[in-house]
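A.B. asks: Below is a structure I'd like to ask you about.
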Ligand code: NAD
């Protein structure tokens, strides 16, 4: 292998993905806004860039795993340097959960420089990223998708191609996160209903997630919510609000009413307003407990 890749964004997800790429034999040139977060990767052979575009080489591949649309736009859209350095034959492999509209804008601008855009948002938390077990949704430039496939295979357990519309993979990602957010709200309400009726919420969660709801999301999130355990943080609550809002924006632009998403927006916004942005996004369940007049468990950091 031995190909050099650029990698921008070494947060909760970017860091373990970058580590896997190094393990798979890629050479990485990395950039992170907080440079110190890149340091452990340097001992694994990564080279540190002092600004984002510096990770790119002519005709090369740059992977981004940034927080949101604003961050991706700042690095890859408003600043043309990345496109200029990549040039014809270059590829931007974009793993962030961003709006389909932003993905389409990125693809259009990159194409003006001969750069291919591939959207590759992922399902799975940082533990899954570290284990190389992410599920990856792909869409975008056909030839570029072929070239990036081995990269995706080195951090994913499987990938699904949704065609050439650069926004398509992000639509799928938003559908998935909408389903997870509704499951979090539904389980928080169900476990709290059990508790208010004198039942052990953990036992109720165990029974239901071993039988009727025996699927990964209900089992892993169900246990966390039953135990009211919102640490360690895998996916920040502020990013959960971002995704609910992206689903709502996409719904608005496609004239698709999503009453549940509106309800989720208020739940997650209330969590942000109460200072819970940096708790895990399951901490939205604290709002359900508060509405039910229950004391917030002491193990919750912002209780
Ligand atoms: P994070 O907050 O841990 O990391 C975000 C990264 O973006 C950091 O490297 C930060 O330095 C960088 N960044 C943010 N704003 C920036 C800016 N303006 N300029 C330059 N860099 C900037 O987030 P994360 O959990 O790693 O998530 C990254 C992306 O992956 C998000 O789009 C998220 O929705 C998605 N995602 C997260 C998870 C998860 O479980 N954490 C799972 C699937 C997808």
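A.B. asks: Given the residues 38, 46, 53, 74, which is the only one that is assigned by TED's automatic domain parsing to the domain that holds residue 103, farther than 20 Å from residue 147 by Cα and in contact with a helix residue (DSSP H, G or I) (Cβ under 6 Å, 6 or more places away or on another chain)? Before you say what the answer is, go through the steps one by one.
C.D. replies: On the way: 38 fails: in contact with a helix residue (DSSP H, G or I) (Cβ under 6 Å, 6 or more places away or on another chain); 46 fails: in contact with a helix residue (DSSP H, G or I) (Cβ under 6 Å, 6 or more places away or on another chain); 74 fails: in contact with a helix residue (DSSP H, G or I) (Cβ under 6 Å, 6 or more places away or on another chain).
Result of the check over 38, 46, 53, 74: 53.
A.B. asks: Filter segment 26-49 for residues that are assigned to a loop (DSSP other than H, G, I, E, B) and within 13 Å of the ligand (Cβ to nearest atom) and give the result. Give the steps one after another, and end with the answer.
C.D. replies: Quick first cut of segment 26-49, residues assigned to a loop (DSSP other than H, G, I, E, B) only: 26, 32-34, 43-46, 49.
Hits for segment 26-49 are 32, 33, 34, 49.
A.B. asks: Got a sec? Which of 48, 95 is closer than 30 Å to residue 177 by Cβ and either without any contact (Cβ under 8 Å) to a residue 60 or more places away in the chain or crowded, with 24+ Cβ neighbours inside 10 Å (or both)? Walk me through how you get there before you give the answer.
C.D. replies: Numbers: 48 fails: closer than 30 Å to residue 177 by Cβ.
95 is the lone residue from the list that is closer than 30 Å to residue 177 by Cβ and either without any contact (Cβ under 8 Å) to a residue 60 or more places away in the chain or crowded, with 24+ Cβ neighbours inside 10 Å (or both).
A.B. asks: Same structure again: So how many residues does segment 193-221 have that are closer than 17 Å to residue 180 by Cβ and outside any helix (DSSP H, G or I)?
C.D. replies: 3
A.B. asks: So, one more: On the basis of being without any contact (Cβ under 8 Å) to a residue 12 or more places away in the chain and outside the structural domain of residue 127 (by TED's automatic domain parsing), does residue 245 make the cut? I'd like the intermediate steps shown before the answer.
C.D. replies: Working: without any contact (Cβ under 8 Å) to a residue 12 or more places away in the chain: no; outside the structural domain of residue 127 (by TED's automatic domain parsing): yes.
When the stated conditions are applied, residue 245 does not pass them.
A.B. asks: Would you check if there is a residue in segment 178-186 being loosely packed, with under 15 Cβ neighbours inside 10 Å, assigned by TED's automatic domain parsing to the domain that holds residue 12 and touching a helix residue (DSSP H, G or I) at 6+ places or on another chain (Cβ under 9 Å)?
C.D. replies: Checked segment 178-186: no residue is loosely packed, with under 15 Cβ neighbours inside 10 Å, assigned by TED's automatic domain parsing to the domain that holds residue 12 and touching a helix residue (DSSP H, G or I) at 6+ places or on another chain (Cβ under 9 Å).
A.B. asks: Filtering segment 221-232 down to residues that are within 14 Å of the ligand (Cβ to nearest atom) and at pLDDT 95 or above, which residue is surrounded by the most Cβ atoms within 10 Å (Cβ to Cβ)?
C.D. replies: 221
A.B. asks: Going by the conditions given, is residue 143 over 20 Å from residue 22 (Cα atoms), surrounded by fewer than 19 Cβ atoms within 10 Å (Cβ to Cβ) and in contact with a strand residue (DSSP E or B) (Cβ under 9 Å, 6 or more places away or on another chain)? Break it down into steps so the answer makes sense when it comes.
C.D. replies: Details: over 20 Å from residue 22 (Cα atoms): yes; surrounded by fewer than 19 Cβ atoms within 10 Å (Cβ to Cβ): yes; in contact with a strand residue (DSSP E or B) (Cβ under 9 Å, 6 or more places away or on another chain): yes.
Here the answer is yes, as residue 143 does meet what is asked.
A.B. asks: Filter segment 245-259 down to the residues that are touching a helix residue (DSSP H, G or I) at 6+ places or on another chain (Cβ under 6 Å) and surrounded by fewer than 16 Cβ atoms within 10 Å (Cβ to Cβ) and list them by number.
C.D. replies: none
The values are calculated or read from the model by the stated rules, or taken from the named source; none is laboratory data. Note that the structure is a prediction, hence the values are computed from the model and not measured. Quick reminder, even Gly has a Cβ in these numbers, built from the backbone with ideal geometry, and neighbours come from all protein chains shown.
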